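A.B. asks: Below you'll find the structure I mean.
The values are calculated or read from the model by the stated rules, or taken from the named source; none is laboratory data. Since the structure is predicted, the reported quantities are computational estimates derived from the model, not experimental observations. Glycine gets a Cβ as well: all are built from the backbone with ideal geometry, and neighbour counts include every protein chain shown. For accessibility, only protein heavy atoms count, side chains too; no ligands or nucleic acids. Shrake-Rupley method; radii C 1.70, N 1.55, O 1.52, S 1.80 Å.
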Amino acid sequence: MKARMTNPAYVLPGALKGIGTLFQAIGESGLSQEMTELVGLRASQVNGCSACVHGHVLNLRKAGVTEERIAAVAAWREAPCFGDAERAALQLTESVTRLADRSHESVPDTLWDEVADHFDERELAALILTISVTNMFNRINTTIKEPAGTTWG
C-alpha cells in the first residue's frame, strides 16, 4: 500500500517546523512520554488511523510498556492495568476525539475536575495539545491513506 501523496507536513516545511515546536513544548511539560503515547494510541484507535496506531505501539514498546498494557488501551475501561490518572486522561482523549458523537458538552465539568485532580496546568496543556495534534495527524493520515509501518523523521 502506498500513500496518495507525501505527508502534507513534509510538503510544507513551515508546517513541520511548527509541529516540531509543539512536540518540543509537550516534551518539556512534565507529562510523561508513556502518557502521551497512551492517549495518542487511544485517539488513533478511535479515528482508525493505522499509521498512528502502529507508531504509538512501537513507541510504547520502546518505552518498555508491557504488551498487556498496550493491548488493553482499546478496552481501558475494563482493564485493571490502568490507574486513575490514566483513566482520566483516556476518557478526556475519547471525549475530545469524539466531538461529532456527542449529545452533551464535549468535556463535562465532572471529567475536567477529575483530570485536573491528576495533572497540573502544564501537564493539562500538554495533554490537550497531544490529543489535538494526534487528531490532526489522524485526519491527515487517513485522508492520504498513509499505510501502517510508515516512519517519519
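A.B. asks: Kindly indicate whether Val39 is in a helix (DSSP H, G or I) and aliphatic (A, V, I, L, M).
C.D. replies: yes
A.B. asks: Let me ask something additional. Which residues, taken from the stretch 141-153, are open to solvent by 10 Å² or more (accessible area, probe 1.4 Å), assigned to a helix (DSSP H, G or I) and touching a Cys at 6+ places or on another chain (Cβ under 9 Å)?
C.D. replies: Scanning the stretch 141-153 gives a single hit, Thr142.
A.B. asks: Hey, another quick one. Pairs, please: C-beta under 6 Å, at least 6 apart or cross-chain, first residue β-branched (Val, Ile, Thr) and in the stretch 36-49, second in a helix (DSSP H, G or I) and open to solvent by less than 20 Å² (accessible area, probe 1.4 Å)?
C.D. replies: Matching pairs, first to second residue: Thr36/Thr130; Val39/Ala89; Val39/Thr93; Val39/Thr130; Val39/Ile131; Val46/Thr97.
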